[in-house]
1. Taking the stretch 131-148 as the search range and keeping residues that are of a type in the set (A, V, I, L, M, F, W, C) and assigned to a loop (DSSP other than H, G, I, E, B), which one is nearest to Lys114 (Cα to Cα)?
2. Can you tell me which residue in the stretch 161-198 is modelled with the highest pLDDT, limited to those that are closer than 17 Å to Val78 by Cα and open to solvent by 40 Å² or more (accessible area, probe 1.4 Å)?
3. From the set of residues in the stretch 116-148 that are farther than 20 Å from Met160 by Cα and charged (D, E, K, R), which is surrounded by the fewest Cβ atoms within 10 Å (Cβ to Cβ)?
4. If I go through the stretch 149-160 residue by residue, how many of them are on the phi < 0 side of the Ramachandran plot, open to solvent by 30 Å² or more (accessible area, probe 1.4 Å) and in a loop (DSSP other than H, G, I, E, B)?
5. Quick check on this structure: which one of Ser82, Ser115 is closer than 17 Å to Ser188 by Cα, without any contact (Cβ under 8 Å) to a residue 40 or more places away in the chain and out of contact with any helix residue (DSSP H, G or I) (no Cβ under 9 Å at 6 or more places or on another chain)?
6. Which one is most open to solvent (accessible area, probe 1.4 Å) among residues in the stretch 28-62 that are modelled with pLDDT under 80 and within 30 Å of Glu93 (Cβ to Cβ)?
7. If you scan the stretch 106-157, which residues turn out to be over 27 Å from Gly45 (Cβ atoms) and of a type in the set (Asp, Glu)?
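The values are calculated or read from the model by the stated rules, or taken from the named source; none is laboratory data. Just so we're clear, the structure is a prediction, and the values are computed from it rather than from any experiment. Glycine also receives a Cβ, built like all others from the backbone with ideal geometry; neighbour counts cover every protein chain displayed. Areas reflect the complete protein model, heavy atoms only, side chains present, ligands, DNA and RNA absent. Shrake-Rupley method; radii C 1.70, N 1.55, O 1.52, S 1.80 Å.
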Amino acid sequence: MDRRISSLFVATLLATFQSVFSLETVDCVEAQPKPQSKPAFVLEGVELAHNIEIDEFTLSRNGEGIRMINFLGFEYKVYVASFWTVDELKSIEDILACDKPKRMDFTFLKSFGKSKVSKAWSLQLDDSVSYKYDSWAEDRAAFIEFFGDIAQGGTQTVIMIGDETIVIDQGVEKGKIIGKDFQKAFLSMWFGEKPVTSQNPKNC
């Protein structure tokens, strides 16, 4: 049975991203880009393109979702997340083996100061990353430091190309982390044993 991408996912980001993967296994085969003539998909007022271009590659949007947090018993929408790849990928192993670009965007529905942004990423990384390695602590600290204040409607972007993870904050490249280990750790936050939102949503 082939599980296809849901058009809208609210509350559990993991379910949308995991729906990218079918139960079959395939090699890194380039997906056909969706027609650019289609209007952008809109989620919570955020326009999500069907295709984006990175280094002459066409990436297709494979999933989107809303990050929810629980505060004092109330659910709040924090950001819209979206995920693009060139290829039809079936597992974390497929993602890591494919050196073509991969991109995740986080478009915030509210504004936050740097301290809250840093705390949110710290808690997400500590709660949900299931893969660790020798230099994880240093890479984790560098990743968090890349981000500053975030405006309402601002987007944080993580792009993986080869062994580089490039971090862009509201259109400005802030730096990069080298190594497949960091990519595997970052992806384990979404597709690993304790994915974001499923085990402790109030911590972000």
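1. Phe147
2. Gln170
3. Going through the qualifying residues, I end up with Asp134.
4. 3
5. Every option except Ser82 fails the conditions.
6. Ranking the qualifying residues of the stretch 28-62, first place goes to Gln32.
7. Asp126, Asp127, Asp134, Glu138, Asp139, Glu145
Conditions (1) modelled with pLDDT under 90; (2) more than 16 Å from Gly154 (Cβ to Cβ); (3) open to solvent by 30 Å² or more (accessible area, probe 1.4 Å), marked per residue:
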| site | (1), (2), (3) |
| --- | --- |
| Asn70 | yes, yes, yes |
| Gly73 | yes, yes, yes |
| Ser82 | no, no, no |
| Glu88 | yes, yes, yes |
| Ser91 | yes, yes, yes |
| Cys98 | yes, yes, no |
| Leu109 | no, no, yes |
| Phe112 | no, no, yes |
